[in-house]
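The values are calculated or read from the model by the stated rules, or taken from the named source; none is laboratory data. This one's a predicted model, so the numbers in the text were calculated from it and none came from an experiment. Positions of Cβ are generated from backbone atoms using ideal geometry, with glycine treated the same way; all protein chains shown enter the neighbour counts. Please note that ligands, DNA and RNA were not included when accessible areas were found on the heavy atoms of the full protein model with its side chains. Shrake-Rupley method; radii C 1.70, N 1.55, O 1.52, S 1.80 Å.
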Amino acid sequence: MRPGRYIIIGDTGVGKSCLLLQFTDKRFQPVHDLTIGVEFGARMITIDAKQIKLQIWDTAGQERFQSLGVAFYRGADCCAVVYDVNVAKTFENLDHWRDEFLIQASPAEPDSFPFVVLGNKVDVDGGNSRVVSEKKAKQWCQLKGGIPYFETSAKEGTQIEEA
């Protein structure tokens, strides 16, 4: 059985690399260099009494690295699309990221490809900086076929395991 491969995509600065680090190493790094191309992480998990090695590929959010998508997206088993709940533009770009993934990955069944949406940085400013409501994000996910949605904090480790 081959490992499961998950791709993390979204705008620059939404916390993709921090989510990866929290999931794989259970730690937070407040200052992180911009991802150039892609970073990798792995972790063993148990699902239905089976050990599975998850490979998580954290992609760069900058436009100049978007051409690398085809090489990294193809063969993915799931795609996590991340936005920052405190920055409206990152939420508005979810359509772009989802559509671009489907174009570049060319999954056999695009309508049923498993996505998950992560609204990250719920811890910032005690929630006072938030501009995208949980209700709005859940509505977007429902309109896209019932995509699972999780509100996360890479800093505090909130809902990382569940997602």
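Here are a few things to note about the model shown:
- Considering only residues in segment 141-152 that are in contact with a helix residue (DSSP H, G or I) (Cβ under 8 Å, 6 or more places away or on another chain), under 19 Å from Gln22 (Cβ atoms) and not charged (D, E, K, R), the one that is surrounded by the fewest Cβ atoms within 10 Å (Cβ to Cβ) turns out to be Pro148.
- For Arg64: the one exception among (1) assigned to a helix (DSSP H, G or I); (2) more than 23 Å from Ser129 (Cα to Cα); (3) modelled with pLDDT of 85 or more: (3)
- Scan of segment 104-140 for residues that are within 24 Å of Phe72 (Cα to Cα), open to solvent by less than 40 Å² (accessible area, probe 1.4 Å) and among the hydrophobic types (A, V, I, L, M, F, W, C), ordered by number: Ala105, Phe113, Phe115, Val116, Val117, Leu118
- In this entry, Ala76 passes the filter for residues that are part of a loop (DSSP other than H, G, I, E, B), in contact with a strand residue (DSSP E or B) (Cβ under 9 Å, 6 or more places away or on another chain) and at pLDDT below 95.
- Given (1) of a type outside the set (A, V, I, L, M); (2) modelled with pLDDT of 80 or more; (3) under 24 Å from Val132 (Cα atoms); (4) outside any loop (DSSP other than H, G, I, E, B), index of the condition Tyr6 fails: (3)
- Ile160 in contact (Cβ under 8 Å) with a residue 12 or more places away in the chain and of a type outside the set (Ser, Thr, Tyr): yes
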